[in-house]
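Here is the structure we will look at.
Where a number appears in this text, it was derived from the coordinates with a stated rule and is not lab data. Treat the numbers as computed from the prediction; the structure is a model and nothing was measured. Methodologically, a virtual Cβ is constructed for each residue, glycine included, from the backbone with ideal geometry; neighbour enumeration extends over all protein chains shown.
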Amino acid sequence: MDDAEISRLIGMPKRITEPPSRVWKEDASQRRKDFCLEASNGEGQKFRGFARQSAIYPENFSIGLEYEPQDGKDAIILIRCNGPHGDFNAQVNSEHPHFHPHVHRASYSALSKGERAERYAERTSEFTNVKQAMRYFLDTVGVEAEDQKRYFEEDLRKTLFEEIGEVE
């Protein structure tokens, strides 16, 4: 799978086939949502969406899209939108993407080296919290607008400060 195919899979229009729960499922350490999607173009590609947020550190979250190949090969995480978490290794480096909101995208380079497809990350200014990340994610991975509204109404609702322009 090359980078062009990865980009195509990420951006192709998708509809939700198994919706997430209306409210986040919670346990002692995190809250979560899981859902299944398929390509809207009739090609039959299947995907799994997931969202996790730390119950202790709400700025630590991950929202991602996993591709389930039709040929039975292992699933591949195509994209993850993460909040800052900083716990990637023993070194402290405040310039590292993990200390800021960041996006992991699958790459041919990582796949060809036998690494996790989405190993590499880049800082982003597209989101600073889990609600903004969810909006960014749903748009980026092509979830149909009707499904976004139907299944993620609360997640997409802007805060008062976003409404009055205090937060972008």
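Considering only the other residues whose Cβ falls under 10 Å of the Cβ of H104, what net charge follows from Lys and Arg at +1 and Asp and Glu at -1?
Local net charge: +2.
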Hey, for a label at Y57 modelled as a point 7 Å past Cα toward Cβ, could you say which residues of segment 9-48 have their backbone N under 14 Å away?
30
Separation in nanometres of the label points that stand 7 Å from Cα toward Cβ, at E43 and K113
2.7 nm
Name the lysines eligible as straight-distance cross-link partners of K113: C-alpha to C-alpha under 26 Å, and not fewer than 8 places from it in the same chain.
K46, K73
Using Cα centres only, tell me the gap between segment 97-147 and segment 1-79 in whole Å.
11 Å
E5 to A145: extension gain in nm, 0.36 nm per residue of separation minus the Cα-Cα distance?
48.1 nm
Note: S21 to T124 extended length (0.36 nm per residue) minus current alpha-carbon separation gives 34.3 nm
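Rounded if a/c is under 1.5, else prolate if a/b is larger than b/c, else oblate: which is segment 3-163, with a ≥ b ≥ c the root eigenvalues of its Cα gyration tensor? Intermediate results must be reported in sequence, preceding the final value.
Values: a/c = 1.67, a/b = 1.06, b/c = 1.57.
Since a/c reaches 1.5 but b/c is at least a/b, the shape of segment 3-163 is classed as oblate.
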What list do you get for V130, V23 if you sort them by fewest beta carbons within 10 Å?
V23, V130
